[in-house]
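Okay, here's the structure, questions in a sec.
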Amino acid sequence: MPACSSRVLCSTTIATKPRTSTTILNDTVQPRQAAMLAIGTANPPNSMSQDEYADWYFRVTNSDHLTNLKHKLKKICRKSGIKKRHFHHGDDTFRDHPELAVHGAPSLDARQDILAAAMPELAAAAAARAIAEWGRPASDVTHLVFTTYSGMRMPGADIRLASLLGLRRSVQRTPMYFVGCHAAAAALRVAKDIAENSPGTARVLVVCAELTLMLFQPAQEHRVDTLVNQALLGDGAGAVIVGAGDAMGGERKVFDMVSAAQTVVPGSEDVADGQVRASGMVFRPSPKLPALVRDNVDQLMAERVVPGGPAILDAVEEGLALAPGKMDASRRVLSEYGNMSGASIIFVLDELRRRGDLPPGGLGVMLGVGPGISIETMVLRAAAA
């Protein structure tokens, strides 16, 4: 495993063709069964290669004198499996808000103010692409499920997002804040329940948007986990339209949402801890995280038939004894975008359908791993052409 594998941030992934899928599934799609009808993604325009990141990070945090830590970060970046990442923040952010580059300095207000404007706009960009692919007007969206760890206020960013998209004033909103790396998977489960409860009428827009400025922290001696977070995280947003029942004009299925479940790995409540402080969000992933995923994922998949960082992808692959290539879509998203927390799973869904790795009628499993350790599973069936 890579050097950063023992302390990797929570992950999301998809594995195609589960080994035990025939035990509870049949080939009939139920009339009430929800489906993903469209997918959209977006990233900030600023991107940075992984080879450049360590030098930039220590420069903007005025930490070039910490040569040993810089060497460690460069080593983590080389072994991360990431080529580049996108960020909303840049040099101007730290010039205008120097407190962001000082360890422990009160900076939550500045972070919240920056994110309050930027995060809904990124979310709207992803959602607009999903709506365009869906082929229906935004006013046909009946429900909005929105999730992020990038700031929180009242009224929430979900109201701003609804306004940017031109959703109807009566759209039923469900905000989910500070869920973690399994956020989009959890939001899709909620959307599935909503759609199947109102087949033919509910059309649910799921949006997950994450800007990592909330988690940006300067390097500290003896805190390698801080370096790992900075080496893996990237900014991105994903959106999915979910519906069940009779199709409206122009709709086409992408994936049938066959079944969904959530569970918590016993004794894992303190394995991935995140807390909002005056200096931003501090996240402490435990070295035990990849091993707990590896040792429990097979049992969880058997019970329910069922990109993040490389350690979690390796743990899922090993725990399920997957054939080579089954995780290629997840690994490519990690390479091109880094760990976008909950939004990553939507990028993987988009990549999976573009690659055609799941043939029409083929089964796969969506797996979201987050703090808790919470594990979301969803069995998917690729729609017929």
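Does at least one position in segment 42-52 carry a residue that is assigned to a helix (DSSP H, G or I) and crowded, with 19+ Cβ neighbours inside 10 Å?
Yes: segment 42-52 contains one or more residues that are assigned to a helix (DSSP H, G or I) and crowded, with 19+ Cβ neighbours inside 10 Å.
Give just the number: which of (1) at pLDDT below 90; (2) assigned to a strand (DSSP E or B) does Gln220 not satisfy?
All conditions pass for Gln220, except number (2).
Do you know which residues across segment 38-72 are under 15 Å from Phe87 (Cβ atoms) and among the small types (Gly, Ala, Ser)?
Selection gives Ala42, Ser47, Ser49, Ala54.
Something else about it: If you go through segment 151-162 one residue at a time, do you hit one that is within 30 Å of Leu69 (Cβ to Cβ) and not assigned by the TED database to the domain that holds Asp350? First the steps, then the outcome.
From segment 151-162, those within 30 Å of Leu69 (Cβ to Cβ) are 151; that's our starting set.
Add one more test, that the residue is not assigned by the TED database to the domain that holds Asp350, and what stays is 151.
Yes, some residue in segment 151-162 is within 30 Å of Leu69 (Cβ to Cβ) and not assigned by the TED database to the domain that holds Asp350.
Within segment 235-284, restricting attention to residues that are of a type in the set (Lys, Arg) and touching a strand residue (DSSP E or B) at 6+ places or on another chain (Cβ under 9 Å), which residue is surrounded by the fewest Cβ atoms within 10 Å (Cβ to Cβ)? So that I can check it myself, show each step before the final result.
So the first thing to find is which residues in segment 235-284 are of a type in the set (Lys, Arg), and the list is 252-253, 277, 284.
When the remaining residues are screened for being touching a strand residue (DSSP E or B) at 6+ places or on another chain (Cβ under 9 Å), the result is 252-253, 284.
Details: Arg252: 13, Lys253: 18, Arg284: 15.
Out of the qualifying residues, it is Arg252.
What's the total number of residues in segment 325-382 that are hydrophobic (A, V, I, L, M, F, W, C) and either assigned by the TED database to the domain that holds Ser47 or not in a helix (DSSP H, G or I) (or both)? Give the steps one after another, and end with the answer.
The initial filter retains those residues of segment 325-382 that are hydrophobic (A, V, I, L, M, F, W, C), namely 327, 329, 333-334, 340, 343, 345-349, 352, 358, 363, 365-367, 369, 373, 375, 378-380, 382.
Retained after the next criterion (residues that are either assigned by the TED database to the domain that holds Ser47 or not in a helix (DSSP H, G or I) (or both)): 327, 340, 358, 363, 365-367, 369, 373, 375, 378-380, 382.
Adding up the residues that qualify gives 14.
Report yes if Ala110 is of a type outside the set (Asp, Glu), in a helix (DSSP H, G or I), touching a Leu at 6+ places or on another chain (Cβ under 6 Å) and open to solvent by less than 40 Å² (accessible area, probe 1.4 Å), otherwise no.
Values: of a type outside the set (Asp, Glu): yes; in a helix (DSSP H, G or I): yes; touching a Leu at 6+ places or on another chain (Cβ under 6 Å): no; open to solvent by less than 40 Å² (accessible area, probe 1.4 Å): yes.
Against the criterion (of a type outside the set (Asp, Glu), in a helix (DSSP H, G or I), touching a Leu at 6+ places or on another chain (Cβ under 6 Å) and open to solvent by less than 40 Å² (accessible area, probe 1.4 Å)), Ala110 does not qualify.
Every residue, every condition in (1) in contact with a Phe, Trp or Tyr (Cβ under 7 Å, 6 or more places away or on another chain); (2) under 26 Å from Glu221 (Cα atoms), yes or no:
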{"position": "Arg85", "(1), (2)": "yes, yes"}
{"position": "His88", "(1), (2)": "no, no"}
{"position": "Arg95", "(1), (2)": "no, yes"}
{"position": "Ala105", "(1), (2)": "no, yes"}
{"position": "Leu108", "(1), (2)": "no, yes"}
{"position": "Asp113", "(1), (2)": "no, no"}
{"position": "Leu122", "(1), (2)": "no, no"}
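Looking at Leu215, is it aliphatic (A, V, I, L, M), under 18 Å from the mean Cα position of the chain (by Cα) and in the same structural domain as Thr67 (by the TED database)? Please lay out each step first, then the result.
On the way: aliphatic (A, V, I, L, M): yes; under 18 Å from the mean Cα position of the chain (by Cα): yes; in the same structural domain as Thr67 (by the TED database): yes.
Yes: the conditions hold for Leu215.
The values are calculated or read from the model by the stated rules, or taken from the named source; none is laboratory data. Small disclaimer: the values here were computed from a predicted structure and weren't measured. Please note: Cβ atoms are built from the backbone with ideal geometry, for glycine as well, and neighbour counts cover all protein chains shown. These area figures cover heavy atoms from the full protein model, side chains too; ligands, DNA and RNA do not enter into them. Shrake-Rupley method; radii C 1.70, N 1.55, O 1.52, S 1.80 Å.
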